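All remarks here apply to the structure that follows.
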Amino acid sequence: MTIRVVLRSLFLVLALGACQNKRSFQTAEKGSIDLSQAQFDDGSVYELDGEWEFYPNRILPPESLKSHLAAKRFAPVPLSFNRYSDLTLRLPAEASATYRLTLTLPAQIASYTFRFPSGQTASRFFVNGHSEVQNGIVSELMDQVRPGSRMRYVQLPLAGKTEIVVQVSNADSHRGGINRSISVASVRAMDQFRLKALMLDIVVSVALMTFAFYHILLFLLRHPEPSSVYYGIFCLLVGTSRLFVGEQIFDDVFTTVPWTLRLRLEYVVNLLDAAFFIIYIRTFYAQLGNKLVFRLLVGMSFVFASAAILLPQGIVRYLREPFQLGIAVMAPFALYYLAQLAWLNVYGARVLTVGVFAIAAAFFNDALSGAEVISTPTIFSITILGFTFLQAILISGKSVSLFYENAELSQKLLRSDKLRDESLTQTSQELRTPVQAMVQTVENVRRGVAGAVSEQVQRTLSVIEENGRRLMYLIDDLTDFVRLKHSDIRLNMQTVALKKIVHPILKLCLGLSDNKQLALIDEIPEGLQDIHTDPARLQQILLNLVSTAIRYSHSPAITVKLGTMHGQLAISVLYFGSDPDARFSEVNDLPNGDVGPLVTQKLAQLLGGHYHYQKLAESHHALTVTLPYQQMSALEVLLAGTHARTEYRKGNEDSTLSLPERGIDAAATPGGKVLIIGDNVSQNRLLQDQLATLGKESQIAKNGAEAMLRLQDSEDIALVISDVLLSDVSGIELAMNIRASFDIGILPIILLIDNNQAGVAASAFSAGVNDLIRRPFEKAEVVARVRNVLLQREASLARENYRALNRELEIARSIQESILPRANPGNENFQIEAVCLPARSIGGDFYDFLEEDSFIGVLIADVAGHGIPAALYAAMLKIALHNLRDQARFPEKLLKNLNDVMVERGERTFISCAYTMVDFKNRRLLHANAGHLPLLLQEPGKKHVKRVHPPGGVLGVRKAAAITVEMQHFLPKTRLVLFTDGVIELTNKAGKFFEEARLVSLLEDMREEPIVAVRDRLLAEMRGFSEGGTFLDDVTFIIIDL
């Protein structure tokens, strides 16, 4: 794993290095550089190195440079100004200077990005006279200089002559000036360059840190040689040091760290990584531990690191060169000793020596580059990453032989352990299946499934049932012993009364004991609140405790008592007798192979408690299990009082006792038959008996073919219970065949599988099985799972019906929306506002307009019913209306002909309808009514609203409907209102109607308001009246202002 990580990191580093942008090395001369013919589109990055104008000991703004031409010099960039070979240019380390370069770019304006590395140690960059970047504070006065260090990128639109001015001040470092190249490129090229540079720094740093944590964790978890942790610390330091160079990620992330603290941290990291590398070599090869040169190198590194922390800043900045000089003096001796080990062919020495030589070369490269003796990139951390690969080979090779030696032995032990567990599990299941069938059959007989049973037979059957249950508990202990090893125990946490768990266990143990004097005493208080636990597991624990007490007791009295221990509820079984030696941890220590106590320990821990054995006095013992309990304060108060005790003795036990089971409401189980598929006769009969408690009728199919025939012939089968092993096909194949014809929600399938059939569950659910029951199965589980699956089926059917209803309502809604007018008509003679709010169930409200030059006809109707039928009748009414539009001037004739058309459909669906024809030329209106609500007419200047309601029967019932017309003359500013019963029958939460009187009152109050305001007010009043509820019928009204 480690080698793969290192190889991937090396591949990334090499890939990033190989795809670096092309760099141009055109040189500036006499303060200018001509890039007017440069091809910026090809992705090149141009470094502006060469001779820059140089103004020593001056911080000059760009606009004043022309007035200081006498001070102008030409100096090489990049190079610190205290490293210039020309003595006339060289400045002390603590000084200031101004640099200027004239850059000629292509004549066409374009966007360029500059890369400005920070000057030592404060700098300010100007482009064409504008300040673009500032790191720290520059000044000619050294006490005012404030250092700053960040890599900056600036994007600017430029063309032709471009002036770059850089002001630099240094008061904190051993070198000052511009010591790194300033670059320019197209925006895209510089973005690519920056991304690759960042990726290189991040990949190298993260890879080294990952390898560091791997080595440290390897040391902490496996306790190997200490050389692993030393190399891990070394990699961590080198990975950290990478953050200070290149793109200076550290400065971008930790912007608030003071520069002086940053310098100390960088020096400490660089000094300590050498120390831990030397320690790693000394520890890996014990032969080098006593060599003086290695001890001197380690001591020198720690001394310089301590100096970097403790000494003043003015001294710290000069520590790097002396340290590097010391390394250069002593490194040849160290390399000599490593070469000796390689010559002697000591394990791994040749590989390590090659790597150390490479690291030494990289170290001296970075040292000379930092001292500005050579100009090469920083490669130390990348070399360490490569060396890490070699080091991983050494560590892997050293552990491979030991790994293979232990692997074979481990595999043998695992195979042996697995075979034992599988054998134990299989044996337990084979034993439990017939025992469970026997117990459940006896229980069904006692309950009267086969007829009435006498009291004597009841007692005999009770003995059989109790012994069978005891045997099932012992088998469960064996099964749980294996499950606990593999953490395969699933809890069914419930809130139960403790006494309901203790009572049947005491009865069971009393019936199983041969001691006729045995007395089991229950001292658990009656007022104890329910506990949250797995009742079946707690019964198993208590049965083991009471059985153990009976086995080792010398006294006939055994007491179950409640108390507190370690802040938890404690259930203790007290007895006088011999020591059971219950404090053991391995199966080989179990007395007589009894796994019960060990299972008790583990189950108690799973329930959140513990198992304790206490020797209270001579021959007085307590077996205790503790459990979490929320009401500890109430428990302590309860225990402080006196409580009655219940004794269970031979002869007074209930002969009809059985362990409690949760009652199932047969009436609450959905209907339908159950098809049982399988050829195991006893299993089928047992399932039929258990399903009978739910009131479910069942059928038997012996194989898959017979089952498919029964499913095709019968429509009332609601559930399939199939064995996974059938004579012709597997249960999973049968499930897939059933799913080809029946949906998973319509016909659920329960599959019976064995407890040790690994992988069956996933295949079964993929085939469309709804639930699984593992053999051997409990009656309560079968009943509960069947009931749950049937309830899910019923819910699925209900959801499908609901979806069908919603689809129908969507169709009705779309029909209603399509037949209503898209816009309200209007001109200088009239204005109309029509509103139709569909109900949740979509009613049959409809309105339409027949407009001509001199009149307009308005029809409003309400089709009886809801949903698609009502919407279709409304659509048919619209078609008939437009076919009869030539009768629009004659309301009576129009409605009679509409009635005849609807009657001819033969459906006898009645429609209440009203039609108003407004004649603008003669200023009159004709209103015909067919069983509809009145037209409300509001005349100008009058307060009260007039009801226009000529008699008439509904449409669609019989031909020759009685339709009458009423004529009214109107004045300008007359208002008409038509509406359906959904308006006045709107109800509130109290069940009261909106009523016509309320509508009339609102219209009278708003007689002077504009039509839009009236519409909005009516809508608001209706919604407020219904308190935001859903309308049960369509709400439609039309307001006409004449």
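The values are calculated or read from the model by the stated rules, or taken from the named source; none is laboratory data. Please read all numbers here as calculations on a predicted model, not as lab measurements. Here Cβ is always computed from backbone atoms with ideal geometry, including for glycine, and neighbour counts include all displayed protein chains.
Table for the structure above
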quantity: Test for ARG150: is it over 20 Å from ILE382 (Cα atoms) and outside any helix (DSSP H, G or I); calculated: yes
quantity: Among (1) in a loop (DSSP other than H, G, I, E, B); (2) crowded, with 16+ Cβ neighbours inside 10 Å - the single one GLU1009 does not satisfy; calculated: (2)
quantity: Members of the range 967-984 found to be buried (at least 20 other Cβ atoms within 10 Å of the Cβ), over 15 Å from ASP1041 (Cβ atoms) and in contact with a helix residue (DSSP H, G or I) (Cβ under 9 Å, 6 or more places away or on another chain), listed by number; calculated: PHE979, VAL983
quantity: Members of the range 166-181 found to be in contact with an Asp or Glu (Cβ under 8 Å, 6 or more places away or on another chain) and either assigned by TED's automatic domain parsing to the domain that holds ILE315 or among the small types (Gly, Ala, Ser) (or both), listed by number; calculated: SER169, ALA171, GLY176, SER181
quantity: Residue count, the range 912-966 (criterion: aromatic (Phe, Trp, Tyr) and surrounded by 21 or more Cβ atoms within 10 Å (Cβ to Cβ)); calculated: 1
quantity: Members of the range 518-556 found to be among the β-branched types (Val, Ile, Thr) and assigned to a helix (DSSP H, G or I), listed by number; calculated: ILE541, VAL546, THR548, ILE550
quantity: The range 177-210, residues that are touching a Pro at 6+ places or on another chain (Cβ under 8 Å) and not in a strand (DSSP E or B); calculated: ASN179, ARG180, SER181, ILE182
quantity: Candidate set: the range 91-142, residues that are without any contact (Cβ under 8 Å) to a residue 12 or more places away in the chain and in a strand (DSSP E or B); chosen: the one surrounded by the most Cβ atoms within 10 Å (Cβ to Cβ); calculated: SER131
quantity: Residue within the range 856-877 that is modelled with pLDDT under 85, in a helix (DSSP H, G or I), in contact with an Asp or Glu (Cβ under 6 Å, 6 or more places away or on another chain) and surrounded by fewer than 20 Cβ atoms within 10 Å (Cβ to Cβ) present; calculated: yes
quantity: Scope the range 73-90; condition assigned to a strand (DSSP E or B) and either out of contact with any strand residue (DSSP E or B) (no Cβ under 8 Å at 6 or more places or on another chain) or within 13 Å of VAL168 (Cα to Cα) (or both); matching residues; calculated: VAL77, LEU79, SER80
quantity: Single unsatisfied condition, ARG415 versus (1) part of a helix (DSSP H, G or I); (2) at pLDDT below 75; (3) touching a helix residue (DSSP H, G or I) at 6+ places or on another chain (Cβ under 7 Å); calculated: (3)
quantity: Scan of the range 889-911 for residues that are surrounded by fewer than 21 Cβ atoms within 10 Å (Cβ to Cβ) and without any contact (Cβ under 8 Å) to a residue 40 or more places away in the chain, ordered by number; calculated: ARG889, PHE890, LYS893, ASN897, VAL901, GLU904, GLY906
quantity: Qualifying helices (runs of 4 or more DSSP H) (wholly inside the range 689-778; at least 3 residues being buried (at least 21 other Cβ atoms within 10 Å of the Cβ) and at pLDDT 85 or above); calculated: 731-739
quantity: One residue from ILE521, ILE550, ILE531 being over 25 Å from SER462 (Cβ atoms) and either surrounded by fewer than 21 Cβ atoms within 10 Å (Cβ to Cβ) or at pLDDT 80 or above (or both); calculated: ILE531
quantity: Where LEU508 falls short, out of the listed (1) modelled with pLDDT under 80; (2) closer than 30 Å to LEU638 by Cα; (3) out of contact with any helix residue (DSSP H, G or I) (no Cβ under 7 Å at 6 or more places or on another chain); calculated: (3)
quantity: Where a residue in the range 248-269 is farther than 14 Å from ARG146 by Cβ and without any contact (Cβ under 8 Å) to a residue 60 or more places away in the chain and its partner, wherever it lies, is surrounded by 13 or more Cβ atoms within 10 Å (Cβ to Cβ) and acidic (Asp, Glu), with Cβ under 7 Å and at least six apart; calculated: ILE249/ASP201
